[in-house]
Structures are given as C-alpha cells and as structure tokens.
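Please treat every number below as a calculation from the coordinates, not as lab data. What you are looking at is a predicted structure, and each value in this text was computed from that prediction instead of being measured. Cβ coordinates were reconstructed from backbone atoms using ideal geometry, including for glycine residues, and neighbour counts include every protein chain displayed.
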Amino acid sequence: MDFFDKLSKKASETYQVTKEKASNLSEELKIKGKINELNEKIEKTYDTIGRIVYNEIKDGKDVVREEITEKCEEISRKKDEISKLEEQLLAIKKVKKCVSCGAAININDEFCPKCGKEQPKVEKVEIKEEPTNTKEAEVVEINNVENSNNEDNENNN
Ligand SMILES: [Zn+2]
C-alpha cells in the first residue's frame, strides 16, 4: 500500500508540474485568441462606421454623429480590453511593462530599475468563455508539451 501511495504521489507531483506548464500555455493561447477576436471585431466596427458614413453621404444626408460616436466608443472599449490582456500575457511570463519608460521589468518590481517610477499592481482580467477555434489549438499545444517532456526523460535515462 505504501509503495502505491508513494508511486501515486510521485505521479501526481509530476502531473502537477506538467499541468502548471500546460495551464500557463493554454492561458497564454486563450488570451492570444481573445486578443485576435477583439482585433477582428474592431476591424468589423471600422467597416460598419465606413458603411454608415458612405451611405449617408451618398444619399446626401448629414452623418448622424450619435451613431458614429457609439461605434467609436465600442472600439475604444475593445482597445482597452486588449491592452489589459497584453499586460496579462506579460504577467504569465513574469514580466510587465514600466508605466513610465516602457522597459520590460520583473512582475514583482514595485519600482522600475531603469527610471525609478513606482508601478501599479497588474490587474487580473476575467476572460469570458466563448466558443472559439482556440480550443483545438490548445489541445494540440498541450500534447506537444507532453511529448517533448517524454523525449527529455528518455535522454536522461
Ligand atoms: Zn521605467
């Protein structure tokens, strides 16, 4: 019983390390997928704005400012979301950008080692689960990680 306890403990520790690597990787892919998705939505909104302006000018009408403003605000909100997600991407790599000089600094630095500026805490953004194609990409990437680990073990033995 002891032997199997130890064996399963060791296996679960190995599993934990692999799982952490994989979860960082899948988190990274999830964030990148979300950024791509937001960029696509921004492009579509630019198209919509262009179409609204075109149709109104073509018909000799005045462009309705409210309609355009609403779309512009939508783009700005998505851009804000993207910059938060980009911060999170850096945080996974234990890196953040200095708010003053933009240097890549350690995630735990309270002050920038380059310019000395005090750094705000990195904000965690909740990613809404939406059906995307990234799910398949995640699975492929995780399998690759496990395979490369196996190869390492073989080389060590
Ligand atoms: Zn700095």
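In this structure the amide hydrogen of Val95, modeled in the peptide plane, comes within under 5 Å of the amide hydrogens of Ile107, none closer than 5 places in sequence on its chain. Here's the list of lysines a cross-link from Lys84 could span, going by alpha-carbon distance under 17 Å and ignoring same-chain residues fewer than 8 apart: Lys30, Lys32, Lys34, Lys41, Lys93, Lys94, Lys96, Lys97, Lys121, Lys124, Lys128.
Where in segment 67-97 does the label zone of Glu43 land, with the point 7 angstrom along Cα→C-beta and an amide N cut-off under 16 Å? Only 79 pass the distance filter.
If the chain linking Asn55 and Glu86 were pulled fully straight, counting 0.36 nm for each residue of separation and taking away their Cα-Cα distance, it would gain 7.6 nm. FRET efficiency for the Tyr15 to Lys94 pair, using the beta carbon distance and R₀ = 22 Å, is estimated at 0.45.
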